[in-house]
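The structure under discussion appears below in the form of structure tokens.
The values are calculated or read from the model by the stated rules, or taken from the named source; none is laboratory data. Values in this document were obtained by computation on a predicted structure and should not be read as measured data. Backbone-built Cβ (ideal geometry, glycine too); neighbour counts: all protein chains shown.
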Amino acid sequence: MPASIELPGLEARLDRLVYHHGGSNLPVDKPHAFVYFITIENGSAQRVQLMGRKWVVELADGERQVIEGDKIVGESPQLEPGESFSYNSFHVTGSDSRVIGSFHGTDETGSRVHVLLPPFDMIIPADSD
């Protein structure tokens with residue numbers, strides 16, 4: 001299977017990160033939730049279909065969690081040149097974390113492409129206890 005290429009002009013960015021603490025919907029061992037808002041913008045000259053994502057979450061204790069799967073919040077968006085796709089989701093944690101992520105798909109020729117999300121930190125505020 002041919003390798004995936006980073007498609008010039010296809011960009012992903014973290015628009016906003018919101019912290020929430022506690023609540024009945026969060027597990028006792030992971031009382032911290034981060035809601036992230038992301039936009040993927042197709043600045044290339046080709047139509048792109050996004051098929052999934054892969055994130056590596058590095059916890060403060062050195063543990064790594066790999067989160068990957070088909071689709072992005074249940075969708076496989078097709079982006080014409082100049083179009084974008086925005087979504088939000090969340091991650092629950094018990095410690096500070098760093099996220100390294102990417103999104104993958106195909107371009108209009110069928111080539112495998114990907115876009116990297118600049119790494120971001122999920123830092124639990126000192127006054128959250």
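Close Cβ contacts (under 7 Å, 6 or more residues apart or on different chains) running from residues in the stretch 28-48 that are of a type in the set (Ser, Thr, Tyr) to residues that are not in a strand (DSSP E or B) comprise SER44/LEU7; SER44/PRO8; SER44/GLY9; SER44/PRO81. Note on the stretch 1-107: enclosed strands (runs of 3 or more DSSP E) holding 1 or more residues that are surrounded by 15 or more Cβ atoms within 10 Å (Cβ to Cβ) are 10-21, 32-42, 48-59, 84-93, 97-107.
Within the stretch 108-127, the set of residues being of a type in the set (A, V, I, L, M), closer than 24 Å to PHE34 by Cα and surrounded by 12 or more Cβ atoms within 10 Å (Cβ to Cβ) comprises VAL115, LEU116, LEU117, MET122, ILE123, ILE124.
Scanning the stretch 108-119 for residues that are part of a loop (DSSP other than H, G, I, E, B) and of a type in the set (Val, Ile, Thr) returns a single hit, THR109.
Residues that are closer than 25 Å to ASP127 by Cβ and at pLDDT 95 or above occur in the stretch 99-111; there is at least one.
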